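Engineer: Submitted below is the structure of interest, expressed as C-alpha cells.
Coordinate-derived values only; no laboratory data. Worth saying up front: this structure is predicted, and the values here are computed from it rather than measured. Quick reminder, even Gly has a Cβ in these numbers, built from the backbone with ideal geometry, and neighbours come from all protein chains shown.
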Amino acid sequence: MASLFREDSYLRSCRAAVAGSDERGIRLDSTVFYPTGGGQPGDVGILRRAAGDIRIVDTIKGAAPDEVIHVPEPGAPALDPSETVTAEIDWERRHRLMRMHTCLHLLCAVVPGAVTGGQISDGKGRLDFDVPGAALDKDEIATRLAALIAADHEVRTRWITDEEMAQRPELVRTMSVKPPTGQGRVRLLEIVGVDLQPCGGTHVRRTGEIGAVTVAKIENKGKQNRRINLVLAA
Ligand SMILES: [Zn+2]
C-alpha cells in the first residue's frame, strides 16, 4: 500500500490496482486519498474505470499500518481483484482542507498553551487550547494570523526517528493526539521559523496559499479550555 499523499499532497489522481474489497470498502495498491485522521476528514472522489465510475464518499484507516479504505457510495458495484482504476480525489475540497489544516498550525504558533483538541471540516477549522482564565483577543489573533499568511513562509515535512521524538517532548503541542510512533520514524511538519510538530496530515507548500481567514468566534469550553473557530474567507 503506497500512500502517495504523504510525499506529495498535491497529487490529484493516480493509477492503482484493486488490492481487495469488502463490506468496509475498497483497498488499492496505491492511493492519493487521505484517510480520516489527526482532525482532518477523509477525502471524497471517484474511482474511474471502464466498467463505470464509482463515487467514494469517505476514506478511513484500516487495521494495518498505512492501510487506506475507500468507502464507496451505497449500492456501488463490486470491483474485481487486480482490476485497475484511476483514483481521483475531489481536489477543490482537499485544497480547502489543506489550507485550513496549515492555518491551524499557524494558530498553534500564535496562541500559547497546549492544544487539547481540534477539528477540520470543509471551509472551517477549530482548535481548543488549555489557556487558564486568560481572555484571548480575537482581533489580535486575526491580525497575527494574517501577518503569518502574508509572510508566505515555506511549509515542509521531514522525518525523525522514534528515539529523537522521545527526546524532544516539547515538539508535541497536541495533548489529545499522540504522535504516531512505533513505525521507527515520525513525520514532522515544519513551517519554517514558525511551527514544528509531528503531523501526518496534508498541507499547502507556502502559508501565502492559505488566503484570507476569519476568526469566527472564541468559545469557552470548560474552565481552562478556549475554542478558537476559523473560517476560510474565500
Ligand atoms: Zn498538520
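Engineer: Can you grab the distance from the C-alpha centre of the stretch 1-43 to the C-alpha centre of the stretch 105-140, Å, no decimals?
Structural biologist: Rounded to whole Å, the Cα centres lie 29 Å apart.
Engineer: Sticking with this structure for a sec: Note down the relative contact order for the stretch 57-186 as a percent, whole number, built from C-alpha pairs under 8 angstrom at least six residues apart. The partial results should precede the final answer.
Structural biologist: Working: 108 pairs, mean separation 23.4, N = 130.
The normalised contact order for the stretch 57-186 reaches 18 percent.
Engineer: As a footprinting exposure proxy, order TRP159, TRP91 by other Cβ within 10 Å, with the fewest listed first.
Structural biologist: Numbers: TRP159 12, TRP91 16.
Going from sparsest to densest Cβ surroundings: TRP159, TRP91.
Engineer: Next question. Over the stretch 135-234, what relative contact order in percent results from Cα pairs under 8 Å that are six or more residues apart?
Structural biologist: On the way: 144 pairs, mean separation 30.4, N = 100.
Relative contact order, the stretch 135-234: 30 percent.
Engineer: Please rank ARG205, ARG94, ARG227, fewest neighbouring Cβ atoms within 10 Å first, as an exposure proxy.
Structural biologist: Values: ARG205 14, ARG94 25, ARG227 18.
Least crowded to most crowded, the residues run ARG205, ARG227, ARG94.
Engineer: Count of lysine pairs in the chain with Cα atoms under 28 Å apart, counting only pairs 8 or more residues apart in sequence or on different chains?
Structural biologist: Taking the chain as the scope, the lysine pair count is 13.
Engineer: In square nanometres, what is one fourth of the surface area of the convex hull spanned by the alpha carbons of the chain?
Structural biologist: Numbers: hull surface 53.1 nm².
Its average projected convex-hull area is 13.3 nm².
Engineer: Compute the length gained on full extension between GLU73 and ASN229: take 0.36 nm times their separation in residues and subtract their Cα-Cα distance, giving the result in nm to one decimal.
Structural biologist: On the way: separation 156, 0.36 × 156 = 56.16 nm, distance 3.07 nm.
Result: 53.1 nm gained on full extension.
Engineer: Quick one: which residues, 5+ away or cross-chain, put their amide H under 5 Å from the amide H of THR59? H built at 1.01 Å from N.
Structural biologist: Amide H neighbours of THR59: THR36, GLY42, ASP43, VAL71.
Engineer: How large is ³J(HN,Hα) for each residue in the stretch 81-97, as worked out from phi by the Karplus curve 6.51 cos²θ - 1.76 cosθ + 1.60 (θ = phi - 60°), to whole Hz, x for Gly and Pro?
Structural biologist: x, 6, 4, 9, 10, 9, 8, 10, 7, 6, 5, 4, 5, 4, 5, 4, 5
Engineer: With 10 angstrom as the radius, rank VAL204, VAL57 by how many other C-beta atoms surround their C-beta, starting from the fewest. Write down the numbers at each step before the final one.
Structural biologist: Details: VAL204 19, VAL57 14.
Ascending number of Cβ neighbours within 10 Å: VAL57, VAL204.
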